[in-house]
Amino acid sequence: MSATFDKKLHWYKDAIIYELHLKAFYDSNGDGIGDLKGLMLKLDYLRDLGVTAIWLLPFYPSPLRDDGYDISDYYSFNPAYGDIELFREFMQEAHKRNLKVITELVINHTSDQHPWFQRARQAPKGSWERDFYVWSD
């Protein structure tokens, strides 16, 4: 394995990672909620700090009973922060600055509003769908 390949493969060993929650980082439109546009406005600032990777906390739609960790739709983007097209633009801008992006994907639980949970809740006890969750009843 060449040294260059090894360095690219193990970038995280020397990374300076900046963890952030979009809603609390930078508000671009004055609504009191941080958003993707705000983050894009600060990419040069983060790079100039020496940051090499940005770790985004959950940004999926959520009823926000668990600070966004209760995801109700894994295929969408919380509209308060932006949309998928804006996320693609953010990724391009981050990569132009040689910034890596890490997203936190919560898969050990879902929101009670997620379709899987709703199906499981309606399913009979002992069914495979109901067994996706642990119930206290």
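Values quoted throughout were computed directly from the atomic coordinates according to the rules given, and no laboratory measurement underlies them. Keep in mind the model is a prediction, meaning the values are calculated, not measured. Heads up, the Cβs are rebuilt from the backbone with ideal geometry, glycines too, and the neighbour counts pull from every protein chain shown.
Under Stokes-Einstein, with the Kirkwood radius over Cα pairs as Rh, the value for the stretch 80-137 at 10 °C and 1.306 mPa s is 109 µm²/s. Projected label points at ASP44 and GLU104, each 7 Å from Cα along the beta carbon direction, are separated by 2.9 nanometres.
The loop-placed GluC sites (Glu not before Pro) in the stretch 1-108, going by DSSP, that have at most 14 neighbouring Cβ atoms within 10 Å of their Cβ come out as GLU104. The Cα atoms of the stretch 15-106 cover 35, 28, 21 Å along the three principal axes, with the biggest extent listed first. Take the Cα of TRP128, go 7 Å toward its beta carbon, and the backbone nitrogen atoms of the stretch 99-119 under 18 Å from that spot belong to 116-119.
Taking every DSSP helix (H) stretch of at least 4 residues in the chain, weighting each as -39,500 (n - 2.57) and dividing the sum by the residue count yields a mean residue ellipticity at 222 nm of -8500 deg cm²/dmol.
Going from the residue with the fewest nearby Cβ atoms within 10 Å to the one with the most, ILE107, ILE84 rank ILE107, ILE84. Against the main long axis of the alpha-carbon atoms of the chain, helix 84-96 sits at an angle near 30°.
Kindly provide the chymotrypsin sites (Phe, Trp or Tyr not before Pro) of the stretch 45-122 that DSSP labels as loop, not H, G, I, E or B, and whose Cβ sees at most 16 other Cβ atoms within 10 Å. Counting only loop positions with at most 16 other Cβ atoms within 10 Å, the chymotrypsin sites (Phe, Trp or Tyr not before Pro) in the stretch 45-122 are TYR74, TYR75.
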